[in-house]
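Take a look at the structure below.
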Amino acid sequence: MTALPFPVAEEPDAESAEAGRMLFAGGTEFVKGVVAMSGLPASDRLEVCFAGRSNVGKSSLINALTGRKGLARASNTPGRTQEINFFATGENHYLVDLPGYGFANAPTAVVAKWQALLKQYLSGRQSLRRAFVLIDARHGVKKVDDEILSLLDGAAVTFQAVLTKADKVKEADRARILDQVRTALAKHPAAFPEIVVTSSEKGWGIPTLRSIIAELE
Ligand code: GTP
Ligand code: MG
């Protein structure tokens, strides 16, 4: 059988799982929220960011990874995370919660400001090792997602697709959505060739994602 491109990332082996566990056992603290490039902390840690449409589950995923429920605010109000939020994990990592893009009712000027900041951050951050682009497992890749993926291609930042809220998808729909995501990713040279399937609610995919982050260099 020919391997499909963009397989779902496998569960980590014992060693990788332990590396991931150890990284997050080091604790995570909120560092600062940033609204302009001038406010970014020094690039002295390995950095990963979490991008995705408003309400896709970025903050919830950070909470699940770090095991700290109230760390990154998760809410039902789309667009709640309006700053680039930096979290320090252990001694050597930053986790970055990006403002959600593509939600309907924001004033145009506000949207333009976020987009500009997002673009500057994604293309100008030297210590950024990987962007995790969160995709709602019920909806697949939408047009606004695709725009961000193109931005990442342009910025030459490797991104990895992370499906969120997998607990809300019926088994029957799962393969179809995954194939839609694969087709969309195939158009993007900066796409990392594995998809992570997660549920922050159920803890699915969390050890996998932890070990992926722990193994970045
Ligand atoms: P913004 O900061 O507005 O861009 O949103 P966000 O991407 O940070 O989303 P957030 O984590 O705030 O989650 C949005 C909503 O989805 C909340 O009501 C969460 O409880 C819910 N949610 C997030 N992850 C999951 C999941 O894995 N499963 C289920 N069932 N709900 C989830
Ligand atoms: Mg958020």
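Laboratory data are not the source of any read-out in this text; all were calculated from the coordinates shown. The shown structure was predicted, so the numbers you read here are calculated from the model rather than taken from an experiment. For neighbour counting, all protein chains shown are included, and Cβ atoms are generated from backbone atoms with ideal geometry for every residue, glycine included.
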**OP:** List every residue whose amide H lies under 5 Å from the amide H of residue 135, counting only residues 5 or more places away in sequence or on a different chain, with H placed 1.01 Å from N in the peptide plane.
**Re:** 162, 163, 164
Original post:
How large is the charge dipole for the chain, taken about the Cα centre, if only the Cβ atoms of Lys, Arg (+1) and Asp, Glu (-1) carry charge, to the nearest 20 debye?
Top reply: 860
Original post:
Straight-line reach from residue 69: which lysines have Cα under 21 Å away, leaving out those fewer than 8 places along the same chain?
Top reply: 32, 58, 165, 168, 202
Original post:
Where both partners of a DSSP beta bridge lie in the stretch 14-215, what percent of those bridges are antiparallel, to the nearest 5?
Top reply: 35
Original post:
Taking a spot 7 Å from the Cα of residue 180 along the direction of its beta carbon, which residues of the stretch 104-134 have an amide N less than 19 Å from it?
Top reply: 104, 133-134
Subject >> Packing-based ranking, highest mean first, of 116-124, 59-67 given that Cβ atoms within 10 Å are counted >> reply: 59-67, 116-124
Original post:
Taking Cα pairs under 8 Å and at least six residues apart, what relative contact order does the chain come out at, in percent?
Top reply: 29
Original post:
How large is the helix-only mean residue ellipticity at 222 nm for the chain, computed as the sum of -39500 (n - 2.57) over DSSP H runs with n ≥ 4, divided by its residue count, in deg cm²/dmol to the nearest 500?
Top reply: -11000 deg cm²/dmol
Subject >> FRET efficiency estimate (nearest 0.05) - Cβ-Cβ, residue 69 to residue 116, R0 35 angstrom >> reply: 0.65
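Note the full-extension length gain between residue 42 and residue 10 as 0.36 nm times their separation in residues minus their Cα-Cα distance, in nm to one decimal. Could the numbers behind the result be given before it?
Working: separation 32, 0.36 × 32 = 11.52 nm, distance 3.36 nm.
Full extension from residue 42 to residue 10 adds 8.2 nm.
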Original post:
Once the piece of chain linking residue 19 and residue 31 is laid out straight, how much longer is it, given 0.36 nm per residue of separation minus the C-alpha distance between them?
Top reply: 2.0 nm
Subject >> Cross-link partners of residue 187 among lysines (Cα-Cα below 21 Å; sequence separation of 8 or more within a chain) >> reply: 119, 142, 143
Original post:
For residue 147 and residue 173 in one chain, what is 0.36 nm times their gap in residues minus the Cα-Cα distance, to one decimal in nm?
Top reply: 6.9 nm
Subject >> the stretch 106-155 and the stretch 46-73: distance between their alpha carbon centers, rounded to Å >> reply: 15
Subject >> 10 Å-binned pair-distance histogram of the stretch 14-215 (Cα, whole percent) >> reply: 9, 38, 40, 13, 1
